[in-house]
Amino acid sequence: MPRKKFSLLYSTIYDLVRKVPPGYVTTYGQIAQRVGCTARTVGFAMAALPHGSNVPWQRVINSQGKVSPRTDGDGNILQRNLLEIEGIQFDQKAQLNLDRYGWIFLK
DNA sequence: TTGTTGACTCTGA
DNA sequence: CTCAGAGCCAACA
C-alpha cells in the first residue's frame, strides 16, 4: 500500500483531492487556498503523482474550467475522457461549467 | 544557498 | 479558447 513517501504538504493535497466525489471537479486555486500554498505548487504536486495511485487527479482542473495540458504528453486527453465517463460534459470550447460541476470543500 | 522549472492565476490591453 | 507578462511556492541539482 502506498506509504508516506510524499511530504506533508503533498499528502495533504492528495487527501483533499480524494474527497472530491465522482461527477465533480475542483480547481488548483481552491486546493491551494485550502492547504495554504499557491496554485503552482498544487500543479507540481499533481505532476509528482505516480500513475496508478488512489488519487482522482483527473478531477483537478485549472480556474478556466479546462484541463491543463501537460508537458509530458497527451495525458490531458485521458483526463478529459475520464471526466466524461463520470458524467461531466464539456462544451465546444473544451470547457466545463464550474458552477455546476465545481466541488466546494466542507470545512 | 542559488538557479531552474512547472498539470497555475490574475491583470491589463 | 484573446494574448502576453508578472507573481507565486516548492522540489531538485
Check: Radius of gyration and Dmax for chain A's Cα atoms, expressed in Å?
Finding: 13.1, 41
Notebook entry, point to check: Taking Cα pairs under 8 Å and at least six residues apart, what relative contact order does chain A come out at, in percent?
Noted result: 30
Margin query: Just to be sure I understand: with springs between alpha-carbon atoms less than 10 Å apart, which residue in A:G87, A:G36, A:G52 has the highest mean-square fluctuation in the Gaussian network model of chain A?
Written below: A:G52
Check: Given the rule -39500 (n - 2.57) for each run of at least 4 DSSP H residues, summed and divided by the residues of chain A, what is its mean residue ellipticity at 222 nm, to the nearest 500 deg cm²/dmol?
Finding: -11000 deg cm²/dmol
Margin query: With 10 angstrom as the radius, rank A:K66, A:K107 by how many other C-beta atoms surround their C-beta, starting from the fewest.
Written below: A:K107, A:K66
Notebook entry, point to check: What's the exposure ranking of A:I13, A:I31, going from fewest to most Cβ atoms within 10 Å?
Noted result: A:I31, A:I13
Checklist line | Label-point separation in nm, A:R40 to A:W57, each point 7 Å along Cα→Cβ | finding: 2.0
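Bear in mind that the values in this text are calculations on the coordinates, not laboratory data. Predicted model only: the values in this text are computed from it and were never measured. Note: ideal-geometry Cβ built from the backbone for every residue, glycine included; neighbour counts use all protein chains shown.
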